[in-house]
Amino acid sequence: MPNAPAPEDRDPASNEVDYWSFIDIAVERTVRTLPAVDTRAMRLVLSLYRASNAMVYDLESAIHRPRGWSWAGFRVLFVLWLAGPLEAKRVAQLAGMSRAAVSALVNTLERDGLVSRRKAGHDRRTVELSLGDAGEHLVAAAFEAHNERERTWASALSDDEVVQLTALLEKLMASNVAAAAKRRR
């Protein structure tokens, strides 16, 4: 049986290359054009991006879309379930979204009876969001299914590896560059 072709010899258009294995090709071909590229950093960011996208896609398609929600919609509902009622701008911060995105989502979530909005008592220009009666029960049930799927993803790692990976991601997000990125939101 012949050895698998090296990344530089694989054709990205072939069916042998998938979403994950494309990282090897991307790194190898980028280095050929830009030899000074930091391949460790490139591989880290591509891997994080692709892993998080795969998880989000899986959670959204298996858990949230069947309930009529997008991933972003679930994030808004989850924040309100745990921390609400809150001002819309605070929901945006905690969900990692823009205020405009939250505003657009709330229109749909409100129409579906999951979220309600009202003027905040301390400032009539400020909107406060809260889960509607139906939202509370639906989000709790959705999160049980969501967490079961999280458990399935985490089961690929040992308990120590889960702790280590979590600590490394928290360290990455505590960096100066992460703090600057958060301020731009």
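Quick rundown of the values:
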item: Cβ-Cβ under 6 Å pairs, at least 6 apart or on other chains, region 162-185 side farther than 17 Å from A41 by Cβ, far side in a helix (DSSP H, G or I) and open to solvent by less than 100 Å² (accessible area, probe 1.4 Å); result: V162/A154
item: Scan of region 151-161 for residues that are assigned to a helix (DSSP H, G or I) and either surrounded by fewer than 11 Cβ atoms within 10 Å (Cβ to Cβ) or touching a residue at least 24 places away in the same chain (Cβ under 8 Å) (or both), ordered by number; result: R151, W153, D159, D160
item: Candidates A142, A101, A134, A95 - the one that is touching a residue at least 40 places away in the same chain (Cβ under 8 Å) and either touching a Gly at 6+ places or on another chain (Cβ under 9 Å) or closer than 21 Å to H64 by Cβ (or both); result: A142
item: Residue in region 155-174 that is within 17 Å of the chain's Cα centre (by Cα) and of a type in the set (G, A, S) present; result: no
item: Selection status of G73, modelled with pLDDT under 95, open to solvent by less than 80 Å² (accessible area, probe 1.4 Å) and farther than 23 Å from E170 by Cβ; result: no
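The values are calculated or read from the model by the stated rules, or taken from the named source; none is laboratory data. From a predicted model like this one, the values you see are computed outputs, not experimental measurements. Virtual Cβ from ideal backbone geometry, glycine too; neighbours counted across all protein chains shown. Accessible surface is based on the protein model in full, side chains and every heavy atom, while ligands, DNA and RNA are left aside. Shrake-Rupley method; radii C 1.70, N 1.55, O 1.52, S 1.80 Å.
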